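Working notes, beginning with the structure itself.
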Amino acid sequence: MKTVRFDDSLPILTNVIRSTLGDAAMRDGTVLRDAAGCLAFFSAAPLDEITAESLSATLRDALGAYARSDRVIAGSDDYGSAAVRADASALTVLVEHFPVRLVDRRLVGADWLHAPNPPAGPPPRVVFASLKGGVGRSTALAIVAAHLAGRGCRVLAVDLDMEAPGLGAMLLTKETVPEFGMLDALVENGLTGLDETFYADLIGASELAGKRGRIDVIPAFGRRSLENPADVLAKIARAYAEDVRQDGSVATLLEQVRAIVERCADPERYDAVLIDARAGLHESTASAVLGLGAEVLLFGLDEAQTFQGYKAMLAHLARFLSPTAKTPEWLERLTIVQGKAPIDAEERASFVQSCHELFIAAGIVTAPEAAVNEVVLPAGPFGDVPWDEELSDDAVLPAASPVPDPLAILYDARFQRFEPLGRRDLLSEAVYRATFGALIEWIDALVMSGDATSAGGDA
């Protein structure tokens with residue numbers, strides 16, 4: 001008998017329930033996947049003893065190790081059934097195009113079960129995320145921060161990459177690094193609490209801002225961590241833990257990060273908040289991508305790893321779609337950024353096409369419809385293309401893709417291993433705009449007014 005694996009288990013359970021109890025019973029019931037990955041089905045109707053015993057044996061035989069050992073089937077009047085079926089964290093997932101209500105209990109990764117938060121702000125928040133390092137994510141954030149400060153804006157930069165911190169070293173000096181960092185905030189949050197003094201010691205001012213604007217930084221590591229490096233791993237081990245509040249409620253990492261950012265993102269102090277997320281699909285990435293109500297820039301290179309990783313992320317996000325809703329609001333806040341892109345637009349075309357296919361394959365958007373009246377191009381000279389003035393553009397042109405084209409940051413060797421405080425010559429707008437122009441235009445449209453965007457000069 002073939003060994004059942006994780007990816008097989010839910011489809012097997014679904015098929016067994018549909019074939020024995022029917023589609024309505026499967027649709028109305030709830031599947032519980034426990035922390036180990038084992039499954040049980042909780043019916044919305046009572047089950048007689050004979051049916052329950054027979055179905056239990058069938059499920060155990062079909063699921064193997066993925067059948068829950070205590071019970072694999074429960075009727076609506078069985079002990080604990082009502083609580084599972086009423087669990088508010090349940091997701092509706094599609095199993096071979098059939099909707100299945102799933103309660104997914106996790107020891108880690110539970111923050112990925114949160115639906116994307118609605119837009120937050122002011123000030124606008126922008127998350128810089130990627131699946132791996134080395135794609136230019138932190139460099140782009142530094143350029144954007146310097147650009148906005150050069151236009152007179154006040155920027156708060158937050159480093160959430162506690163295992164590979166970069167912003168503190170890029171934007172702060174030994175003299176300006178604050179006493180604490182985000183790592184300390186997440187550790188102290190559940191124990192000593194964060195008061196006004198702590199928050200004041202959490203933020204350092206960057207000299208990169210020059211004289212026009214301001215760049216404040218919450219680094220991952222503060223001065224305490226830099227002076228006590230042997231304690232850093234011990235703090236990281238505790239930073240991702242849930243906090244149990246005095247009233248007994250629990251704050252996940254996502255909720256803690258959101259509260260800290262909310263506390264610091266004062267619209268009277270800042271015009272924009274830029275957040276550097278940890279690379280990959282870690283729990284802390286969920287807090288940045290889903291929890292902050294932010295615009296999310298998804299950085300990647302034109303390589304298989306980019307599309308495999310984002311395919312997994314987008315397929316998961318598709319589970320938050322309502323079967324009857326149109327394009328979700330949060331989709332408009334996801335923008336893919338091609339790092340180290342070739343200068344030639346034709347060479348970037350395959351990346352653009354792959355990004356569009358990525359969203360369609362995940363089920364978040366549908367493919368654009370073909371033109372009603374396709375124009376067949378002749379084999380001869382282009383000047384002989386047939387033309388009908390009576391037909392509208394919509395009738396002859398394919399529908400536009402619902403997914404915006406990715407932004408391109410062009411490859412520029414000068415920005416490899418970029419140290420903004422040491423290479424201020426690269427912070428001339430004429431220099432960085434040649435490489436980061438698409439991103440600069442995007443951030444200007446998000447943050448700045450028409451008058452401000454018309455300003456020029458060096459950052």
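The values are calculated or read from the model by the stated rules, or taken from the named source; none is laboratory data. Source: prediction; values computed, not measured. Every residue, glycine among them, receives a Cβ derived from its backbone with ideal geometry; neighbour counts consider all protein chains shown. Each accessible area value is taken on the protein alone, full model and side chains, heavy atoms only, with ligands, DNA and RNA left out. Shrake-Rupley method; radii C 1.70, N 1.55, O 1.52, S 1.80 Å.
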- Note on the structure: Residue hits (region 157-170; part of a helix (DSSP H, G or I) and under 24 Å from the mean Cα position of the chain (by Cα)) are Leu167, Gly168, Met170
- Look through Leu32, Leu91 and report the one residue that is touching a helix residue (DSSP H, G or I) at 6+ places or on another chain (Cβ under 6 Å), within 30 Å of Leu317 (Cβ to Cβ), surrounded by fewer than 15 Cβ atoms within 10 Å (Cβ to Cβ) and hydrophobic (A, V, I, L, M, F, W, C). Leu91
- Ala149 passes all but one of the listed conditions (1) assigned to a helix (DSSP H, G or I); (2) at pLDDT below 90; (3) over 18 Å from the mean Cα position of the chain (by Cα); the exception is number (2)
- Note on the structure: Residue hits (region 205-229; more than 16 Å from Gly181 (Cβ to Cβ) and free of Cβ contacts under 8 Å to residues at least 12 places away in the same chain) are Lys211
- In region 175-187, residue modelled with the lowest pLDDT [restricted to those that are buried (at least 18 other Cβ atoms within 10 Å of the Cβ) and under 16 Å from Lys235 (Cα atoms)]: Val187
- Sort out which residues of region 94-113 are open to solvent by less than 60 Å² (accessible area, probe 1.4 Å) and of a type outside the set (Phe, Trp, Tyr), and write them in order of number. Val95, Pro99, Val100, Leu102, Val103, Asp104, Gly109, Ala110, Asp111, Leu113
- Query: Just a yes or no: is a residue in region 441-448 surrounded by 14 or more Cβ atoms within 10 Å (Cβ to Cβ), in a loop (DSSP other than H, G, I, E, B), at pLDDT below 85 and of a type outside the set (Ser, Thr, Tyr)?
  - Reply: yes
- Could you please let me know if Asp159 is touching a residue at least 12 places away in the same chain (Cβ under 8 Å) and touching an Asp or Glu at 6+ places or on another chain (Cβ under 6 Å)? yes
- For region 262-281, what are the residues that are within 13 Å of Pro122 (Cβ to Cβ) and either touching a strand residue (DSSP E or B) at 6+ places or on another chain (Cβ under 8 Å) or surrounded by 21 or more Cβ atoms within 10 Å (Cβ to Cβ) (or both)? Ala265, Arg269, Tyr270, Asp271, Ala272, Val273
- Could you tell me whether any residue of region 334-343 is free of Cβ contacts under 8 Å to residues at least 60 places away in the same chain and either within 19 Å of Ser138 (Cα to Cα) or buried (at least 18 other Cβ atoms within 10 Å of the Cβ) (or both)? yes
- With the condition kept exactly as written, say whether any residue in region 380-387 is over 25 Å from the mean Cα position of the chain (by Cα), at pLDDT 65 or above and assigned to a helix (DSSP H, G or I). no
- Query: Which of the following residues is open to solvent by less than 30 Å² (accessible area, probe 1.4 Å), outside any strand (DSSP E or B) and within 30 Å of Val296 (Cα to Cα): Pro123, Pro118?
  - Reply: Pro123
- Query: When Ser81 is evaluated against the numbered criteria (1) surrounded by 18 or more Cβ atoms within 10 Å (Cβ to Cβ); (2) polar (S, T, N, Q); (3) modelled with pLDDT under 90, which criterion, by number, is the only one it fails?
  - Reply: (3)
- Enumeration of residues in region 26-36 that are in contact with a Phe, Trp or Tyr (Cβ under 9 Å, 6 or more places away or on another chain) and assigned to a helix (DSSP H, G or I): Met26, Arg27
- Among residues of region 37-93, those that are under 17 Å from Leu13 (Cα atoms), among the hydroxyl-bearing types (Ser, Thr, Tyr) and in a loop (DSSP other than H, G, I, E, B), counted: 2
- Query: Hey, among the residues in region 230-249 that are among the small types (Gly, Ala, Ser) and in contact (Cβ under 8 Å) with a residue 12 or more places away in the chain, which one's surrounded by the most Cβ atoms within 10 Å (Cβ to Cβ)?
  - Reply: Ala239
- Query: For region 144-171, how many residues are in contact with a strand residue (DSSP E or B) (Cβ under 8 Å, 6 or more places away or on another chain), crowded, with 22+ Cβ neighbours inside 10 Å and not acidic (Asp, Glu)?
  - Reply: 15
- Query: Of the residues in region 280-315, how many are part of a loop (DSSP other than H, G, I, E, B), at pLDDT 90 or above and within 20 Å of Leu160 (Cα to Cα)?
  - Reply: 3
- Item | Residue check, Ser69 surrounded by 15 or more Cβ atoms within 10 Å (Cβ to Cβ) and either farther than 29 Å from Ala241 by Cβ or without any contact (Cβ under 8 Å) to a residue 40 or more places away in the chain (or both) | no
- Filter region 282-325 for residues that are hydroxyl-bearing (Ser, Thr, Tyr) and surrounded by fewer than 17 Cβ atoms within 10 Å (Cβ to Cβ); the one that is nearest to Gln338 (Cα to Cα) is Ser322
